[in-house]
Amino acid sequence: MLDAETKRRIDTARDILVGKVPDPKSQVEQITIALIYKFMDDIDAESEELGGQRTFFAGDFAGYGWAKLMRAGLGGHEMLNLYAEAITRMPENPGIPPLFRDIFNNAYLPYRDPETLRAFLKVIDEFAYDHSERLGDAFEYLLSVLGSQGDAGQFRTPRHIIDFIVAVIGPKKDETVLDPACGTAGFLISSYKHILKANADDEGNSTLTPDEKGALAANFRGYDISPDMVRLSLVNLYLHGFVEPHIAEYDTLTSEERWNEYDDVILANPPFMSPKGGIRPHRRFSVQSKRSEVLFVDYIAEHLTPAGRAGVIVPEGIIFQSQTAHKQLRKLLVEDYLVAVVSLPAGVFQPYSGVKTSVLILDKALAKKADGIAFFKVANDGFDLGAQRREIDENDLPKVKEELGEYLGRLRAGEAVDASRVAEQDVQYTTERGLVVGKDRVAEGGEYNLSGERYRETVNYASMKWPMVELRDICDDILSGGTPSTKNEAYWNGDIPWITSADIVNIKTAKPRKYITEEAIRESATNLIKKGNVIVVTRVGLGKLFRNDFDVCISQDSQGLILNDAAKYTTVKCVDVVGCV
C-alpha cells in the first residue's frame, strides 16, 4: 500500500534530480539504482546484527558500503567519486548474484554536481528495508507519476487484496503457481508465504523437508512485458529467498512459445488498458478479441491444469459489457471454469485509479460439479475511498473469505448447496455477504451477466405505504452543504470525498469526483456528514437521496440529515430511510 511518506520521499528525490536529469526515464533509473544500493546494504547490516557476515559489500567492495558513503566529514567530491565508482564497478562484484549485477550493468552517474548527489542520497537514506514491498511501492509510484503506469493499465495491487485472493485459492506446496502479468511479483510472494505458513507447526517451525523447499522455489513463475517490472520482480523474489527466480520478459498475449505450458494455480491482476488499435494476439485464443483484459482472462482459463484454480482481478467491463467478445468470454467461463465472483469497492486502486473491479474465482474441477455461480460483495475493504486510503474499521474481506471458503468446501465435499432457495430468483444459497445463482439463470438471454446485484431480490419501496413522521422526530440535526473556494488550492485534492447531486447515483451509491482537505471543512461553508446518515438533494437534482456509508462533505445543493435512533423506529426496511424521510 502506497503510504504518504513513500510518496513524499519519491517526489522529493525527483525534485532534486530534475534540474540535472530532466529525462523522466533517467530519473527512474537513478532512483531505482540508489534504492537497490541502499537496500543491499540494509540486508548486509541485518545479517551482521544476527551474527552473520556481509556479502553484498565485502572484500574489495567493503569500501563502498552505505555507511562509508554517508559518513560525516566526507567531502562532496569524494562522495560523488565514491558513488560513481561504486555503481560503475558493481557488475564486477562477486558478492552479489547475477541478477543484481544485471541491474547495475551500464549504470553511471549522469551529472557531476556534489550538492545534488548529497541531497539526493540523503533522501534515499530515509528509506529502510523493513519489508520488500517498499521497493515495489517506491518504484511503481515512480511509474504512476511519469504516466507510464496508467497508460499501460498496470495498477499496483494492494497487499491485502492479494492476500485475500491467495487465501481463497489456497496454493499448495506441490503445485505450480504462475502470474502471467507479474509486475513486482506480489502474488507470487504472497503465495509463497501462504504455503510456508500452511506447512509450519504450532511454534512456527517449518515442516517442509529440504527437498520440498528446493522444489517449492522452482514451482513459481512469472511473466511481464516490461523489463523494469521483470527487474523488480527478480530483486523482490531474491530477497524473499528465491536464489534463482523464474521471471521472464514475455508478452503473454502475442507470443506463442509458452502456450503449451499449464499451471495448477494462476493468480493475476492483468493490465486493464489496451493500446490504441488494440492488441494483436496470435490465433490460438478461444475468444477472438483485441482487448487485453479479455485476452488475459481467456489465457488464464485455458492454461489451468485439469484440477487448476485461478484468482484474477478484472475491470467491470468483463462483468457486463455487451460486446460479442465479452459475452463469448463469460459464456466460456460460466460453462467450464467460473465458480464465484467477488465484487470489490470502487477505489481499491487509489491513488492510481478509481476503476471498479471484481475478482473471478476459477476452478476447473469444481465448475463441473456446481450448477450455480456464487456472487459475493465487498462493500468495505478496510480502507477509506480517499486518495490516501486510510485504514478504517469496516472490512468485509474476512467475512467474505470465510463464507466463500465454506461454500467452496461444501462443493468439494459433494454437498448439495440449496439452502434458503428463493424460487422466483433462482437463488440456491444465500449468506450474509453472498448468494448463489443457477447457471441457467445467468445464461438467460445469452448475456451471461456476472453482476451479482442483477440477481439479488429487489423491493419496490416506492409502491409501499409508509407511516409519515416529521424530520425533527428522527433527526438530531440537519446540516447544510457548501462549495470551498476553487481559488484556494489548499482546499482541494485532499482525501475527504466532496459530492454534488451529480455524484449521487441512487440511495446506496455515490461516486465522488472531487476530494477536499480538512482545512476546507474548517474554513468554508461545507459540513462533514458522518457515515450512516442521509444526504437529501434540495436544489438541482431535487429529490435524490443517498444513505452515506462513508464520511462525506456535500455541496450547497444538498442537506445532511443526521439521524437519531428513532429513524429505525418500526422495521428494518426503514434503515434504508426512504420511508422515514
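Things worth noting here:
- Solvent-accessible area, 1.4 Å probe, carbon plus sulfur percent, for the stretch 353-420: 47 percent
- Options 347, 411, 480, ranked by Cα towards positive dipole end of the chain, top entry (Cβ charges): 480
- In order along the stretch 104-114, phi translates into HN-Hα couplings of 8, 5, 6, 6, 7, 9, x, 9, 10, 9, x Hz, rounded to whole numbers, per the Karplus curve 6.51 cos²θ - 1.76 cosθ + 1.60 with θ = phi - 60° and x for Gly and Pro.
- Size of charge dipole - the stretch 508-556 - debye, nearest 20, with Cβ of Lys, Arg +1 and Asp, Glu -1, no other charges: 340 debye
- Selection from 243, 323, 269 lying farthest towards where the dipole of the stretch 238-331 points positive, charges on Cβ: 323
- Acute angle (nearest 10 degrees) that the helix 397-412 long axis makes with the longest principal axis of the chain, alpha-carbon atoms: 80 degrees
- Sorting the segments 158-165, 33-40 by their residues' average number of neighbouring beta-carbon atoms within 10 angstrom, most packed first, yields 33-40, 158-165.
- Principal axis extents of the C-alpha atoms in the chain (largest first, rounded to whole Å): 85, 61, 55.
- Over all other residues within a Cβ to Cβ distance under 15 Å of residue 92, the charged ones net out to -1, with Lys and Arg as +1 and Asp and Glu as -1.
- With all pairs of different C-alpha atoms in the average, the Kirkwood value for the hydrodynamic radius of the stretch 221-271 is 12.0 Å.
- Simple rule: put +1 on each Lys or Arg Cβ and -1 on each Asp or Glu Cβ in the chain, find the dipole, and look at 493, 170, 537; the Cα lying farthest toward the positive end is 537.
- Between 0 and 90°, nearest 10: helix 76-89 axis offset from the chain longest Cα axis: 90 degrees
- Nearby lysines by direct alpha-carbon distance to residue 213 (threshold 27 angstrom, same-chain neighbours under 8 apart not counted): 172, 173, 193, 197
- The stretch 203-325: radius of gyration over Cα atoms, expressed as a fraction of 2.2 N^0.38 Å: 1.22
- Sorting the segments 551-562, 399-410, 476-487 by their mean number of nearby beta carbons within 10 angstrom, highest to lowest, gives 551-562, 399-410, 476-487.
- Cα centre as origin, Lys/Arg/Asp/Glu Cβ charges: the chain dipole, Debye: 1680 debye
- Rg/Rg_ref, the stretch 175-225, where Rg_ref = 2.2 N^0.38 Å and atoms are Cα: 1.25
- Relative contact order [Cα under 8 Å, 6+ residues apart], the chain, whole percent: 8 percent
- DSSP beta bridge pairing in the chain, given as percent antiparallel to the nearest 5: 70 percent
- Net charge of the neighbourhood of residue 362, taken over other residues with C-beta under 10 Å away and scored Lys/Arg +1, Asp/Glu -1, is 0.
- Cα pair count fraction exceeding 12 Å, expressed as % - the stretch 247-291: 70 percent
- Averaged per residue, the stretch 237-343 has 41 square angstrom of accessible surface, using a 1.4 angstrom probe with ligands and nucleic acids left out.
- Peptides 98-110, 42-54 ranked from most to least packed, by the mean per-residue count of other Cβ atoms within 10 Å: 98-110, 42-54.
- Using bins of 10 Å that start at zero, the share of Cα-Cα pairs per bin across the stretch 312-403 amounts to 16, 41, 30, 13, 0, in whole %.
- Against the criterion of solvent-accessible heavy-atom surface with a 1.4 angstrom probe, 194, 282 sort, most first, into 194, 282.
- Accessible area per residue for the stretch 472-534, computed on protein heavy atoms with a 1.4 Å probe, is 57 Å².
- 0 to 90° range, to nearest 10: angle between helix 4-17 axis and the chain longest Cα axis: 50 degrees
- With all protein chains in place and a 1.4 Å probe, the accessible surface of the stretch 228-321 carries 48 percent carbon and sulfur.
The values are calculated or read from the model by the stated rules, or taken from the named source; none is laboratory data. Since the model is a prediction, treat every value here as computed from it, not as a measurement. Virtual Cβ from ideal backbone geometry, glycine too; neighbours counted across all protein chains shown. Note: accessible area is taken over every heavy atom of the protein model, side chains too, but ligands, DNA and RNA are not part of it. Shrake-Rupley method; radii C 1.70, N 1.55, O 1.52, S 1.80 Å.
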